[in-house]
Amino acid sequence: MALYTLPELPYDYAALAPVISPEIIELHHDKHHAAYVKGANDTLEQLAEARDKESWGSINGLEKNLAFHLSGHILHSIYWHNMTGDGGGEPHEKDGVGELADAIAESFGSYAGFKAQLTKAAATTQGSGWGVLAYEPLSGRLIVEQVYDHQGNAGQGSTPILVFDAWEHAFYLQYKNQKVDFIEAMWQVVNWQDVAKRYAAAKEHGDSLLLAP
Ligand SMILES: [Fe+2]
């Protein structure tokens, strides 16, 4: 039985237009995200088969595939909820987002500094990757990560709370080669309430990890 399933979008395909076209959302969710879900399930089956047969010749490739597809599934699952047609603005202007706004200011010096860092990290990914705002439980602070593919260059233990997909499939049909324009437009659809909810959950979970007893 498949362990992972494709989550439904929390809105219709046109909900994020004009920042992201309905065509991109449909392909991105129904084809690309679906492929990562299938990839994660297929890899788990192949690993079970390897254990049954005690056949470990493909272990390196299988472990890499597991990290790739599972991380792709997780990041896209966060991505859809990080966005709303009613989003944008700055977190301190929003109801119920005060703790997140304070954490951003404390961790990055200012909202403007944070925004510039995440924009730059996402827009300058080499090849395929993501710009990620993550909660880092050892310091209890927020950090920006520039993730390669879906799984590389990320610190262990950190929890993504706001993710910008910088793969070409996320923007090319609409923005062509102008990745920086796409990332800058993304700020208009950020769902700060969702990010704040993820921050609170990551902090609560992170505090129980006993990384710094
Ligand atoms: Fe994607």
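The values are calculated or read from the model by the stated rules, or taken from the named source; none is laboratory data. Here the structure is a predicted model, which is why all the values come from computation and not from measurement. Here the Cβ positions follow ideal geometry from the backbone for every residue, glycine too, while neighbour counts run over all protein chains shown.
Taken over the range 85-100, residues that are hydrophobic (A, V, I, L, M, F, W, C) and under 19 Å from the mean Cα position of the chain (by Cα) amount to 1.
Here Glu93 passes the criteria (1) surrounded by fewer than 22 Cβ atoms within 10 Å (Cβ to Cβ); (2) under 17 Å from Val189 (Cβ atoms); (3) in contact (Cβ under 8 Å) with a residue 40 or more places away in the chain except the one numbered (3). Can Val19 be described as within 16 Å of the ligand (Cβ to nearest atom), at pLDDT 95 or above and not in a helix (DSSP H, G or I)? Here the answer is yes, as Val19 does meet what is asked.
Kindly evaluate Lys64 against the criterion of being among the basic types (Lys, Arg) and away from the ligand (no atom under 16 Å from the Cβ). For Lys64, the condition - among the basic types (Lys, Arg) and away from the ligand (no atom under 16 Å from the Cβ) - is met. Taking the range 82-103 as the range and being touching a strand residue (DSSP E or B) at 6+ places or on another chain (Cβ under 6 Å) and either hydrophobic (A, V, I, L, M, F, W, C) or assigned to a helix (DSSP H, G or I) (or both) as the test, the residues that pass are Asn82, Ala103. On the stretch given as the range 70-85, residues that are within 11 Å of the ligand (Cβ to nearest atom) and under 15 Å from Leu16 (Cα atoms) total 2.
The requirement of being buried (at least 17 other Cβ atoms within 10 Å of the Cβ) and more than 15 Å from the ligand (Cβ to nearest atom) is not satisfied by Leu3. Against the definition (of a type outside the set (A, V, I, L, M), under 26 Å from Ser21 (Cα atoms) and touching a residue at least 60 places away in the same chain (Cβ under 8 Å)), how does Trp187 come out, yes or no? Yes: the conditions hold for Trp187.
Within the set Phe164, Phe114, the sole residue that is without any contact (Cβ under 8 Å) to a residue 40 or more places away in the chain and either within 16 Å of the ligand (Cβ to nearest atom) or crowded, with 16+ Cβ neighbours inside 10 Å (or both) turns out to be Phe114. Identification of helices (runs of 4 or more DSSP H) wholly contained in the range 165-213 with 2 or more residues that are modelled with pLDDT under 95 yields 192-207. Remark: pairs (first residue in the range 13-28, in contact (Cβ under 8 Å) with a residue 24 or more places away in the chain; second residue among the aromatic types (Phe, Trp, Tyr); Cβ separation under 8 Å; 6+ apart in sequence or on different chains) = Ile20/Phe171; Glu23/Tyr13; Ile24/Phe171.
Filter the range 27-53 down to the residues that are over 18 Å from Leu66 (Cα atoms) and within 13 Å of the ligand (Cβ to nearest atom), then identify the one that is surrounded by the fewest Cβ atoms within 10 Å (Cβ to Cβ). Among residues in the range 27-53 that are over 18 Å from Leu66 (Cα atoms) and within 13 Å of the ligand (Cβ to nearest atom), the one surrounded by the fewest Cβ atoms within 10 Å (Cβ to Cβ) is Lys31.
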